[in-house]
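Visitor: Encoded as structure tokens, here's the structure I'll be asking about.
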Amino acid sequence: MTREEKVKAMQERKKDCDGIFYVAVRTTGIVCLPSCPAKPLAKNVEFYDSLGEALKAGYRPCKRCRPECFAAHPEGLEG
């Protein structure tokens, strides 16, 4: 997926993208699922292919969407 496609999926809160990529918000230091109810500005986000990559980069899991509990893609913790 391109960045633009990921931004659109995040803005539309697409649940079918959960586990495919993760949304890291630079201004808050959190990482979310694309379907999270939080609405960060596109300019403030970066995307990771796994939760593990985002955690290694210093982000912490969102308390609203709890990406660490997302079970559809358990390999998401690798990275």
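Visitor: Do we find that residue 42 is among the small types (Gly, Ala, Ser) and closer than 18 Å to residue 69 by Cβ in this structure?
Guide: no
Visitor: Which number in (1) on the phi < 0 side of the Ramachandran plot; (2) surrounded by fewer than 19 Cβ atoms within 10 Å (Cβ to Cβ); (3) modelled with pLDDT of 95 or more marks the one condition that residue 29 misses?
Guide: Here residue 29 meets the rest and fails (1).
Visitor: Another one. Of the conditions (1) assigned to a helix (DSSP H, G or I); (2) of a type outside the set (Asp, Glu); (3) surrounded by fewer than 19 Cβ atoms within 10 Å (Cβ to Cβ), residue 58 clears all except one; give me its number.
Guide: Evaluating residue 58 over (1) assigned to a helix (DSSP H, G or I); (2) of a type outside the set (Asp, Glu); (3) surrounded by fewer than 19 Cβ atoms within 10 Å (Cβ to Cβ) leaves (1) as the failure.
Visitor: Please work out which residue is most open to solvent (accessible area, probe 1.4 Å), limiting yourself to the range 1-25 and to residues that are free of Cβ contacts under 8 Å to residues at least 12 places away in the same chain and not in a helix (DSSP H, G or I).
Guide: Checked the range 1-25; the qualifying residue most open to solvent (accessible area, probe 1.4 Å) is 12.
Visitor: Taking residue 38, is it surrounded by fewer than 19 Cβ atoms within 10 Å (Cβ to Cβ), in contact with a strand residue (DSSP E or B) (Cβ under 7 Å, 6 or more places away or on another chain) and not in a helix (DSSP H, G or I)?
Guide: yes
The values are calculated or read from the model by the stated rules, or taken from the named source; none is laboratory data. Because the structure is predicted, anything quoted here is derived from the model rather than measured. Quick reminder, even Gly has a Cβ in these numbers, built from the backbone with ideal geometry, and neighbours come from all protein chains shown. Just so you know, the surface numbers come from the protein's heavy atoms only, side chains and all, with ligands and any DNA or RNA stripped out. Shrake-Rupley method; radii C 1.70, N 1.55, O 1.52, S 1.80 Å.
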